[in-house]
Amino acid sequence: MGIYGALSTAVSGLRAQSFALETISGNIANSQTIGYKRVETEFVDLIADAPVKRQTPGAVLAQSRSTNNVRGDVKAVSNETYMALNGPGFFVVEPPVGETDGTTIFAGTNYYTRRGDFDINREGYLVNGSGYFLKALPIDTSTGNISGSVPQVIQLSNSFLPAEQTSRIDYQANLPQQPKNAAFNDGGSGLYTGSAATVTGAGEADFLEQSISGGAITTYAENGAPVDVQMRWAKTANADAAATPPVLDTWKLYYLSNSDATGTTTKWTQAGGSYTFDAAGAKVTPAATSTTISNLTVNGVSVGDVELRHGTGGMTQFADSNGTASVNASQNGYAAGEFVSVAVNDGGRIVASYTNGQQVEVGQVVVANFNAVNQLKKLDGGVFAATSESGEASLDMDGDGVIGSSVESSNTDISEEFTKLIVTQQAYSAGTRIVTTADEMLQEALNMVR
């Protein structure tokens, strides 16, 4: 080897330090790039084949090492479509391959990125700052369940959300053991003396005096028209254990079906059958946890058959000093709504919001994981491609680790890069001294023949 070997080794060292300087430069240049993963430099010594007692230090080879498994800092942002990963994995994205008649065309290729600064473009796609389109699992808006297992480019629609007819009212209430209505305050029993399933306009005054408010709720017809449903409870019997057969506390629920009714015209209509309660205040009948209001119609507007769902233990009769009903009610209908915005929640669900207050989940972000994450091939725009060394992606369908309204910063540490820069510079300078010294020694050897 000798002087020529030393010269060759020094040159390989200069080449290796130049490579290290290049990676340091790239890391510093991308210190503010969202989702960037710094590149480290590894040095491998190359030893020439020689006997044990003639071994030489040999040359050096520089190669890069990825840090795809090192997470950058996650910071909160105001943009609701931005997202970050609080853990391993990558977002699945795809680049467009062209455009036809103003419509973006895709080839179905999967790439992977940690860059989550996604914004909605003019076509309703979620595109990050590098121009890659987010892929997710579509969600059936009618059921809220994921449909399919293959991620696809998600396109949001800004069309109206159709109205949803009310089909269910969730209704829970505690009825007082003694209703303190107008009839009770006048010295009466507070019981309703009527027995018909309907109350006419002529009998409304007595009905209102002998019943208590059961709350009100807005339901929706098929075309989205709001229908206000006012309810009242009328107690028709007090418990009498001595009677044959024994009598239980009995109530009936009515709703206002015609606000303009007079005389013999129906104004209040009974909803379902009678409700009875035992001495402990638990509902006895109906035995089921729900009942059905057939063809719910208010002021001529039909809502249709509506399930009045009480749930287990949702109807009770406990003593109440005020003598009023405590009601909690909700329903599943809504009017048509106009698209307002879209956001990504912490579960990785893409949620569209509408002017009617509804939020509809339209997609589920998937997280791609790899067995050898640092063997992915790095491409432009902060994306990676799977290789034979990395293995194929394993998709997490639950969006574990997805954080909405956040982005992941570069994992480059400027102070660390400057430290490596100083070391690299010193090593390069030392290598040049080897070249200079070897050159001087060769000059001395040549001078010996003169």
Inter-probe distance in nm under a simple model that places probes 7 Å from Cα toward Cβ, at residue 213 and residue 101
5.8 nm
Cα pairs beyond 30 Å in the chain, in percent, come to 65 percent
Could you give the angle, 0 to 90 degrees to the nearest 10, between helix 414-447's Cα long axis and the longest principal axis of the Cα atoms of the chain?
10 degrees
State the extension gain, in nm to one decimal, for the chain segment bounded by residue 69 and residue 157, taking 0.36 nm per residue of separation less the distance between their alpha-carbons.
28.1 nm
If you filter segment 132-203 for chymotrypsin sites (Phe, Trp or Tyr not before Pro), then keep DSSP loop positions with at most 14 other Cβ within 10 Å, what is left?
160
How far apart, in nm, are two points set 7 Å out from the Cα along the Cα-to-Cβ line at residue 428 and at residue 318?
7.8 nm
What are the residues whose amide H is under 5 Å from the amide H of residue 193, where those residues sit 5 or more places off or on another chain and H is modelled from the backbone?
none
Which residue, 156, 409, 105, has the largest displacement toward the positive end of the dipole of the chain when charges sit on each Cβ (Lys, Arg +1; Asp, Glu -1)?
409
Find the lysine pairs in segment 168-331 meeting two conditions, Cα atoms under 17 Å apart and a separation of 8 or more places or different chains, and report how many there are.
6
Amide H to amide H under 5 Å from residue 356: which residues, 5+ apart in sequence or cross-chain, H placed 1.01 Å off N in plane?
338
Its Cα gyration tensor gives segment 170-327 an equivalent ellipsoid whose semi-axes in whole Å, largest first, are 26, 19, 14
Stokes-Einstein diffusion coefficient for segment 334-416 at 4 °C in a medium of 1.567 mPa s, Rh from the Kirkwood formula over Cα pairs: what value in µm²/s?
83 µm²/s
Expressed in nm to one decimal, what extension gain is obtained for the pair residue 222 and residue 76 from 0.36 nm per residue of sequence separation less their Cα-Cα distance?
48.4 nm
Please determine, in degrees from 0 to 90 and to the nearest 10, the orientation of helix 2-29 with respect to the longest principal axis defined by the Cα atoms of the chain, where the helix direction is its Cα long axis.
30 degrees
In terms of modelled amide H atoms, which long-range or inter-chain residues lie less than 5 Å from the amide H of residue 346?
404
Size of the dipole of the chain about the Cα centre, Lys and Arg at +1 and Asp and Glu at -1 on the beta carbon, nothing else charged, in debye to 20?
900 debye
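Readers should treat all values here as calculations from the given coordinates under stated rules, not as data from a laboratory. Treat the numbers as computed from the prediction; the structure is a model and nothing was measured. So basically every Cβ, Gly included, is an ideal-geometry build from the backbone, and we count neighbours across all protein chains shown.
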